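The values are calculated or read from the model by the stated rules, or taken from the named source; none is laboratory data. Note that the structure is predicted; figures quoted are calculated from it, not measured. Please note: Cβ atoms are built from the backbone with ideal geometry, for glycine as well, and neighbour counts cover all protein chains shown.
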Amino acid sequence: MIETDPQQKKARIMVVDDDPATHALLTEMLVLHGSEMLFYPSGAIALMAAENHTPDLVLLAVKIPDMDGFEVCKRIKQNPGLKDVPVIFLSDTNDTESKVRAFEMGGVDYITKPIHFAELRARVAVHLSRCTLESKLEFQKRMEEKIRELSEAQQATIFAIAKLAEQRDEDTGAHLERVREYCRLLAERLGEDSPYAAYITAEFVECIQHASPLHDIGKVAIPDSILLKPHKLTSPEFEVMKTHAVIGAENMQLVYNHYSGNVFIGMGIEIALYHHERWDGSGYPDGLTGRNIPLPARIMALADCYDALRSDRCYRRGLDHERVKAMILEGSGTHFDPEIVKAFLSLEEEFSRIQDTFC
Ligand SMILES: [Fe+2]
């Protein structure tokens, strides 16, 4: 169902009073003010009508034929669908006891007849504007909640697609879950203490977490004979394997063309295209060097390698943490960004724990 902004509708004011003179007076005052007026001579009819069409405000006489205004107000406040509707009492008497009772029953205001135009208009305007503000805040809250739900569903769908693509490679297990965690941890740590801290926002961390599972999406285009080969690839086979980076990025680029400026897809492209680049320029596809390699891809490179080396393959057992740590240290400044290696060292226990948790 499409919701409408509460600020855009005309105020519906219900008047519960059996006095024709009051009807005439209120009509003149409030219709001119742009409100829709609904008149009811008895409490029972008014309550029934309010159930069907919720008013924005009720002007309620204390004395009406079938039940008094206090009782009508009490029933309005007991009704979950009506409890937030402001009720202003209209009374012939100015005694304190009635005023106190009116507020006790949930009334927001109390006006003594004869009614003065300016005073009523001002009081109605105050209560309507407060209600509009509350409704608007409530509306915004609901919209934000819907956007959040939609975004979560979208991320879950993207992850499911990445997972589906990954299932062709039987060795990887929970690789995507682990690299997602490694990337998040590294980005958070680099955001706390590194030369990249100013660049790493909460949005960056969230994006890399959700975009990282897409790094090898291009492998869907790699033939089984190469992707699933249990032995070392030949040079021509490796050239085919290398194309997964460009293929993944090109496909995401098609999506990006429709949503240009989308930070998440933009980062997904950088990660897919450059996660096999190396700090010293010996990587692929473009042989980029150092900080020319986009930061998300440099983070992904370390996360991907750590996981690949720790995991079992059909042709070898996974290496232990200390061995992989030594290899990563060795690759600092050649394969990996030294700053990211530094962040990894400060997180090594978490890396090891994640490896054991997501098997
Ligand atoms: Fe890859």
Inset, instruction - Go through the residues of segment 294-305 one by one and say whether even a single one is surrounded by fewer than 22 Cβ atoms within 10 Å (Cβ to Cβ), away from the ligand (no atom under 11 Å from the Cβ), more than 35 Å from the chain's Cα centre (by Cα) and at negative phi. - result: no
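Could you check, for segment 278-289, whether at least one of its residues is in a helix (DSSP H, G or I), among the charged types (D, E, K, R) and either surrounded by fewer than 17 Cβ atoms within 10 Å (Cβ to Cβ) or away from the ligand (no atom under 14 Å from the Cβ) (or both)? If you could, list the steps in order and put the result at the bottom.
Residues of segment 278-289 in a helix (DSSP H, G or I): none.
No, segment 278-289 contains no residue that is in a helix (DSSP H, G or I), among the charged types (D, E, K, R) and either surrounded by fewer than 17 Cβ atoms within 10 Å (Cβ to Cβ) or away from the ligand (no atom under 14 Å from the Cβ) (or both).
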Inset, instruction - Output the residue which, of all residues in segment 183-213 that are closer than 25 Å to residue 248 by Cα and of a type in the set (S, T, N, Q), is surrounded by the fewest Cβ atoms within 10 Å (Cβ to Cβ). - result: 209
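Here is a yes/no grid of residues against (1) within 17 Å of residue 19 (Cα to Cα); (2) surrounded by fewer than 19 Cβ atoms within 10 Å (Cβ to Cβ):
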{"position": "73", "(1), (2)": "no, no"}
{"position": "77", "(1), (2)": "no, yes"}
{"position": "81", "(1), (2)": "no, yes"}
{"position": "88", "(1), (2)": "yes, no"}
{"position": "111", "(1), (2)": "yes, yes"}
{"position": "125", "(1), (2)": "no, yes"}
Legend entry - Meets criteria (within 16 Å of the ligand (Cβ to nearest atom) and in the same structural domain as residue 339 (by TED's automatic domain parsing)) for residue 183: yes
Legend entry - Subset of segment 242-275 (residues that are within 16 Å of the ligand (Cβ to nearest atom), free of Cβ contacts under 8 Å to residues at least 60 places away in the same chain and either within 22 Å of residue 188 (Cα to Cα) or not assigned by TED's automatic domain parsing to the domain that holds residue 227 (or both)): 268, 269, 270, 272, 274
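Modelled with pLDDT under 95, in a helix (DSSP H, G or I) and under 22 Å from residue 199 (Cβ atoms), is that true of residue 300? Spell out the reasoning first.
Values: modelled with pLDDT under 95: no; in a helix (DSSP H, G or I): yes; under 22 Å from residue 199 (Cβ atoms): yes.
No: the conditions fail for residue 300.
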Legend entry - helices (runs of 4 or more DSSP H) contained in segment 1-95 and holding at least 2 residues modelled with pLDDT under 90: 20-31
Inset, instruction - Filter segment 303-323 down to residues that are in a helix (DSSP H, G or I) and closer than 30 Å to residue 264 by Cα, then give me how many there are. - result: 8
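Quick check on residue 347: is it under 17 Å from residue 189 (Cα atoms) and either of a type in the set (Phe, Trp, Tyr) or touching a strand residue (DSSP E or B) at 6+ places or on another chain (Cβ under 6 Å) (or both)?
Working: under 17 Å from residue 189 (Cα atoms): yes; either of a type in the set (Phe, Trp, Tyr) or touching a strand residue (DSSP E or B) at 6+ places or on another chain (Cβ under 6 Å) (or both): no.
No; evaluated as a whole, the condition is false for this residue.
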Inset, instruction - Give segment 252-283 a look and list any residue that's in contact with a helix residue (DSSP H, G or I) (Cβ under 7 Å, 6 or more places away or on another chain), farther than 12 Å from residue 211 by Cα and charged (D, E, K, R), or say none. - result: 277
Legend entry - Residue count, segment 188-220 (criterion: more than 16 Å from the ligand (Cβ to nearest atom), out of contact with any Leu (no Cβ under 9 Å at 6 or more places or on another chain) and of a type in the set (Val, Ile, Thr)): 2
Inset, instruction - Determine which member of the set 142, 168, 123, 178 is touching a Phe, Trp or Tyr at 6+ places or on another chain (Cβ under 6 Å) and either at pLDDT below 85 or part of a helix (DSSP H, G or I) (or both). - result: 178
Inset, instruction - Consider only pairs whose beta carbons are under 7 Å apart and that are at least six residues apart or on different chains; among these, list those whose first residue lies in segment 199-219 and is part of a loop (DSSP other than H, G, I, E, B) and whose second residue is more than 14 Å from the ligand (Cβ to nearest atom). - result: 199/295; 200/187; 200/190; 200/191
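Restricting attention to segment 221-238, does a residue exist that is assigned to a helix (DSSP H, G or I), touching a Cys at 6+ places or on another chain (Cβ under 7 Å) and within 14 Å of the ligand (Cβ to nearest atom)? Even if it seems obvious, please write down each step before you answer.
Step one: of segment 221-238, the residues assigned to a helix (DSSP H, G or I) are 221, 224-227, 235-238.
Now drop any that are not touching a Cys at 6+ places or on another chain (Cβ under 7 Å), which leaves none.
So far as segment 221-238 goes, no, none of its residues is assigned to a helix (DSSP H, G or I), touching a Cys at 6+ places or on another chain (Cβ under 7 Å) and within 14 Å of the ligand (Cβ to nearest atom).
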